[in-house]
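Right, one structure below, let's go through it.
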Amino acid sequence: MSASNMFLDQLTGSFSTPAAENPTVAMIEAAYRHHAIAARYINCEVQPEDLREAVHGARAMGWIGFNCSIPHKVAVIEHLDQLTDAARLIGAVNCVAIREGELIGENTDGKGFLASLQTVTDPVGKKVLVLGAGGAARAIAIELALAGAAHITVANRNDRGAKLAEHVDAKTPASAEFLQWFGDVWAPDGTDIVVNATPVGLYPDVDACPAFDFQSLSASTVVADVIPNPPRTAFLKSAGVRGCRTLDGLGMLVNQGIAGIAFWTGMQIDAAPMRAALSDIFAV
Ligand code: NDP
């Protein structure tokens, strides 16, 4: 660090509410420490009516970027100057870079999932079942389709799922269909990858499991969960009993951190210190 900036760290952070349970700050600051990056990440409780001022405040204070979490991922868009193609297609932003005063919106939810998935399988040409049709499901379905997945089935309880399937089918190279979720939903024949993108199983409801027919899985199916806490969900445990390879939600979170820091600083960060910080928090 040069003498001229030794007392001035670069600033990043997160705007959400509720913010207190969000572990991203611990993960990102562990990465900054590990790589001796002179930057801080500040977890901020921001109410919807204050979002505009928070965004403008970040720009005024020279922040290099920030994450947006619930409930700001769609609302933040009207305060931004540009969107990446993926963020536009997903219709939500969870990561903003501030470059020379310009606010650029990106979505790292699906990218984080994709990078985590690629550690166990290549989605190119694969048939994927996504459970849920909310923000995480949308980002995952679109990024997997853009990454070369052949077919995406979206299972959901209502027509949000039909709309997501239509969107993926129309706007990406993948084909997509909707599966109405009544009772136990199943993996259609030939499904290679199943992703739980619902909040079912999230702390404190740790024994909850999506209504799913585990008999429909074959041992070659990769089964992933977005839930970071606890990482070993009831859904993954049942898939493991069927002999499936499983992937927890911590990998998605860590890879979102890597994507976010790269978007803000251009630096490629090691996953290990971030995973270690989260493992300490979740005691795994
Ligand atoms: P949303 O509220 O936007 O969407 C939730 C989806 O799950 C909806 O489609 C909803 O169905 C469906 N759902 C909820 N409960 C049930 C149920 N009992 N049975 C069937 N479907 C259900 O949430 P998000 O997409 O923003 O977040 C989902 C999860 O993803 C959260 O737990 C979050 O922690 C996790 N996440 C993890 C990340 C990571 O890095 N690991 C990153 C981002 C999110 P319906 O449409 O019928 O209401």
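The values are calculated or read from the model by the stated rules, or taken from the named source; none is laboratory data. Being a predicted model, the structure only gives us computed values, none of them experimental. We place every Cβ from the backbone using ideal geometry, glycine too, and count neighbours over all the protein chains shown. With ligands, DNA and RNA removed, areas are computed over all heavy atoms of the protein, side chains included. Shrake-Rupley method; radii C 1.70, N 1.55, O 1.52, S 1.80 Å.
Please compute, over every Cα-Cα pair in segment 5-51, the percentage with a separation greater than 16 angstrom.
Tail of P(r) above 16 Å: 44 percent of Cα pairs.
Taking Cα centroids, how far is segment 117-167 from segment 1-45 in Å?
32
For the chain, which longest stretch is free of loop sites, where a loop site is one of the GluC sites (Glu not before Pro) that DSSP puts outside H, G, I, E and B and that has at most 16 other Cβ atoms within 10 Å?
Numbers: sites that count: Glu21, Glu100.
Result for the longest clean stretch: 101-284.
Starting from the Cα gyration tensor of the chain, take the square roots of the eigenvalues, sort them a ≥ b ≥ c, and report rounded, prolate or oblate (rounded when a/c is under 1.5, otherwise prolate if a/b is larger than b/c, else oblate). Write down the numbers at each step before the final one.
Working: a/c = 1.98, a/b = 1.59, b/c = 1.24.
Verdict is prolate for the chain.
What's the carbon and sulfur percent of the chain's accessible surface, probe 1.4 angstrom, rounded to a whole number? Before the final figure, lay out each step's value.
On the way: 6710 of 12740 Å².
Using a 1.4 Å probe with all protein chains present, the chain comes out at 53 percent carbon and sulfur.
Could you list which residues have their amide H under 5 Å from that of Ala39, counting only those 5 or more apart in sequence or on another chain, with H placed in the peptide plane?
Sorted by chain and number, the residues that satisfy this are Gln10.
Tell me the angle of helix 272-282 to the major Cα principal axis of the chain, expressed in degrees between 0 and 90 and rounded to the nearest ten.
Helix 272-282 sits at roughly 70 degrees to that axis.
Under the rule a/c < 1.5 gives rounded, and otherwise a/b versus b/c splits prolate from oblate, where does segment 110-248 land using the Cα gyration tensor?
Values: a/c = 1.43, a/b = 1.27, b/c = 1.13.
Verdict is rounded for segment 110-248.
Return one number: the angle in degrees, 0 to 90 and rounded to the nearest 10, between the long axis of the Cα atoms of helix 135-146 and the longest principal axis of the Cα atoms of the chain.
Once rounded, the angle reads 80 degrees.
Using a Cα-Cα cut-off of under 23 Å, which lysines could be cross-linked to Lys73, ignoring same-chain neighbours fewer than 8 residues away?
Qualifying lysines at Cα under 23 Å: Lys111, Lys163, Lys171.
Evaluate 2.2 N^0.38 Å with N set to the residue count of segment 9-113, then give the Cα radius of gyration divided by it.
1.01
Tabulate in residue order the Karplus-calculated ³J(HN,Hα) for segment 257-265, using 6.51 cos²θ - 1.76 cosθ + 1.60 with θ = phi - 60°, rounded to whole Hz; enter x for Gly and Pro.
x, 4, 5, x, 5, 4, 5, 7, 10
Taking a ≥ b ≥ c as the square roots of the Cα gyration tensor eigenvalues, with a/c under 1.5 meaning rounded and otherwise prolate when a/b beats b/c, else oblate, which class fits segment 167-284?
On the way: a/c = 2.09, a/b = 1.32, b/c = 1.58.
Because a/c hits 1.5 or more and a/b fails to exceed b/c, segment 167-284 counts as oblate.
With a probe of 1.4 Å, find how much accessible area the chain has per residue, and write the answer as a whole number in Å².
Numbers: 12740 Å² over 284 residues.
Value for the chain: 45 Å² per residue.
Rule-of-thumb check for segment 16-78: C-alpha Rg over 2.2 N^0.38 Å? Can you show the working numbers first?
Details: Rg = 12.4 Å, N = 63, 2.2 N^0.38 = 10.6 Å.
Its radius of gyration relative to the 2.2 N^0.38 Å reference: 1.17.
Roughly what angle does helix 160-171 make with the longest principal axis of the chain, taking Cα atoms, 0 to 90 degrees, to the nearest 10?
Helix 160-171 sits roughly 80 degrees off the main axis of the chain.
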